[in-house]
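A.B. asks: Structure incoming, see below.
The values are calculated or read from the model by the stated rules, or taken from the named source; none is laboratory data. Because the structure is predicted, anything quoted here is derived from the model rather than measured. FYI the Cβ positions are ideal-geometry reconstructions off the backbone, even for glycines, and counts take in every protein chain you see. Keep in mind that these areas ignore ligands, DNA and RNA; they rest on the heavy atoms of the full protein, side chains included. Shrake-Rupley method; radii C 1.70, N 1.55, O 1.52, S 1.80 Å.
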Amino acid sequence: MHYIINKAAFDVLGSWEAVKVLSAILNALGLAILGFFAFDKIDPRARLPLGIFLALCGTTIMWGASLRWYAYFDPLFAIVFALILFSDFSLTKRTMILAGGIVLLFYVNYETLCAAPVLVVTHLLRERKNFRRGDIITLFIAGLVGLALCIPQLLIFLEFARGHGANQTSSFLSALSQIAITLVVGNAVFPISVAAGVYTALIAALGVYFLFVKPKSDIDWIVLIGLAIGTLLMVVTGIAMKPRNSVFLLPLVFLIVASAVAALPPLWARAAIALIAGFQLLGVVNVAWHRDTLKGSFNIDYRGSLATLAAWKEQCKGKLIVFNHDSPLNYLLEENSIGSSSVFSPKRGTDIAAHPGDCVVLTKTYAGTLNADEVATLYRMLDNPALKQVAFKQLGEDRYAAIKSWVGKEPFPQYSIEFVEYDVTSDVTLPAWSGAIKRLDEGQE
């Protein structure tokens, strides 16, 4: 469904950048609604820290301003969660909201299979003392209607899972490590760093304090149980393998952290709020400057890259051809009418005739879904005496490249993107990268 939403938003707003801004606004609105409904129901001392944590969450900001499904899933989950846990609506209305919200979530993404139990348990725990026979019947009927409405999407999901399910899940330990990073440190600050280490120690201490020292309210228990269920399901299914998949649970983490901070002595509480806010603000700065986040492709300076290529295009006497294996860059090149040859074209492209005066640029980025041998073979395709290197530029130095290489057991580039510019000195035909990987797999190169 998010494709339909994106297309409709693009038709109205006229650019994908505007659609991303809309997604960011929706995420901010979702968290604001959560904070609004929680305001009167939580400890008054927890209100300020909760507001600060929700407003400065760099991880939510990074993933929220997106064209992917989570741009809509996360705020919708936050709103439904807020309404069923904090609102003063009648039990019947909240049951309807629960059922309708789960249906909408499921049509946005199949991750609802992990998110829906969190919402259902939250609803049941809040009303565990108030359910009457009529309420149980209402809940049962709402559940049946919701399930019936989900069947068309469920059939699509089952068909997808047969062919692609293995690519969307991972082992228990891998999923556990990823969700731990997302829910404790977040993704806006690289997790293996001094700042992240200090922050983790602080959150761990607050977690221990919350679990074993602080007297817990009903809301505390409900949020804790919901978070535990969501985390367990995400790990057991392996869906937590991708950091972005767990972001919808972050508001629950912040509710717990804010509750723990509120119970501290005033001086300690202020210190904790300042440290948490400072760390989250660091994440916001990283997101704004596209640096040092956990998501490598997010750190690429695409504006600087386009400016560099546009300048070289102006200087080139003939045509400029950019060879790349980065899908966002390839899209931007096409959007800005800069000639490119990329592995992301599904069909084999026509080999490229170049002549003296033309210019060729090789862009080097993280291998991503390609393996090292494929990338090396692509680069060798441009080993040609007709190409004379005339310029070299690096953008986005990665301070954590060595750590990433050690942890990931694969080479990570020191710079997020590198450009090698060549002048064409004689007539030459260069092999297109379009469809090249398929040709490599077939042994045609």
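A.B. asks: Treating only the Cβ atoms of Lys and Arg (+1) and Asp and Glu (-1) as charged, compute the dipole magnitude of the chain about its Cα centre; round to the nearest 20 debye. Don't skip to the answer; put the middle values down first.
C.D. replies: Values: 36 positive and 33 negative charges, 298 e Å.
Magnitude of the dipole: close to 1440 debye.
A.B. asks: In the set [x] 0.96; [y] 1.12; [z] 0.92, which value of Cα Rg over 2.2 N^0.38 Å was calculated from the structure you see?
C.D. replies: [y]
A.B. asks: Another question about this same structure. When the solvent-accessible surface of protein heavy atoms is calculated with a 1.4 angstrom probe, in what order do Asp88, Asp74 fall, highest first?
C.D. replies: On the way: Asp88 125, Asp74 15 Å².
Descending accessible area places them as Asp88, Asp74.
A.B. asks: What pairs in Lys20/Lys393; Lys313/Lys404; Lys7/Lys409 have C-alpha atoms more than 32 Å from each other? Could you put the intermediate results ahead of the total?
C.D. replies: On the way: Lys20/Lys393 29 Å; Lys313/Lys404 34 Å; Lys7/Lys409 39 Å.
With Cα atoms farther than 32 Å apart: Lys313/Lys404; Lys7/Lys409.
A.B. asks: Arranged from highest to lowest average of other beta-carbon atoms within 10 Å per residue, in what order do the peptides 246-256, 269-279 appear? Could the numbers behind the result be given before it?
C.D. replies: Details: 246-256: 25.0, 269-279: 16.6.
The most tightly packed comes first, giving 246-256, 269-279.
A.B. asks: Excluding residues on the same chain fewer than 8 positions from Lys295, give the aspartates and glutamates whose Cα lies under 15 Å from its Cα.
C.D. replies: Asp326, Glu397, Asp398
A.B. asks: On the accessible surface of the chain, probed at 1.4 Å, how many percent belong to carbon and sulfur atoms? Before the final figure, lay out each step's value.
C.D. replies: Details: 14170 of 21650 Å².
Carbon and sulfur atoms account for 65 percent of the accessible area of the chain.
A.B. asks: Taking the 0 to 90 degree range and rounding to the nearest ten, how far is the long axis of helix 266-289 tilted relative to the main principal axis of the chain, both from C-alpha atoms?
C.D. replies: 30 degrees
A.B. asks: Cysteines without a disulfide-compatible partner in the chain, using Cβ under 4.7 Å as the rule?
C.D. replies: Cys57, Cys114, Cys150
A.B. asks: Which of Ile4, Trp16, Ala269 sits closest to the plus end of the dipole of the chain, meaning its Cα is farthest towards the positive end, when Lys and Arg get +1 and Asp and Glu get -1 on the C-beta?
C.D. replies: Ala269
A.B. asks: How do the peptides 325-336, 309-320 rank, highest first, by the average count of neighbouring beta carbon atoms within 10 Å per residue?
C.D. replies: Numbers: 325-336: 17.7, 309-320: 15.0.
Put in order of decreasing packing, that is 325-336, 309-320.
A.B. asks: Going Cα to Cα from Lys214, which lysines come in below 25 Å? Please leave out same-chain ones fewer than 8 positions away.
C.D. replies: The reachable lysines, counting only those whose Cα sits under 25 Å from Lys214, are Lys41, Lys129.
A.B. asks: I would also like to ask the following. Taking the Cα centre as origin and putting +1 on Lys and Arg beta-carbons and -1 on Asp and Glu beta-carbons, what dipole magnitude results for region 26-133, to the nearest 20 debye? Kindly include the intermediate steps, with their values, before the conclusion.
C.D. replies: Numbers: 11 positive and 6 negative charges, 92 e Å.
For region 26-133, the charge dipole is close to 440 debye.
A.B. asks: So what is the calculated 222 nm ellipticity per residue for the chain, using -39500 (n - 2.57) for each DSSP H run with n of 4 or more, over all residues, to the nearest 500 deg cm²/dmol? List each step's numbers first, then the result.
C.D. replies: Details: 18 runs with 267 residues, N = 445.
Taken over the chain, the calculation gives -19500 deg cm²/dmol.
A.B. asks: Enter the accessible area per residue of the chain (Å², integer; probe 1.4 Å; all protein chains in place).
C.D. replies: Working: 21650 Å² over 445 residues.
On a per-residue basis, 49 Å².
A.B. asks: As I understand it, the dipole of region 255-399 uses +1 on the Cβ of Lys and Arg and -1 on the Cβ of Asp and Glu, about the Cα centre. Which of His355, Val343, Cys316 lies farthest toward its positive end?
C.D. replies: Comparing the listed Cα positions along the dipole, Cys316 ranks first.
A.B. asks: Report the one residue of Val213, Asn187, Leu155 whose Cα lies farthest in the direction of the positive end of the charge dipole of region 123-216 (charges on C-beta: Lys and Arg +1, Asp and Glu -1; origin at the Cα centre).
C.D. replies: Val213
A.B. asks: Roughly how tilted is helix 302-315, in degrees to the nearest 10 and between 0 and 90, from the longest Cα axis of the chain?
C.D. replies: 20 degrees
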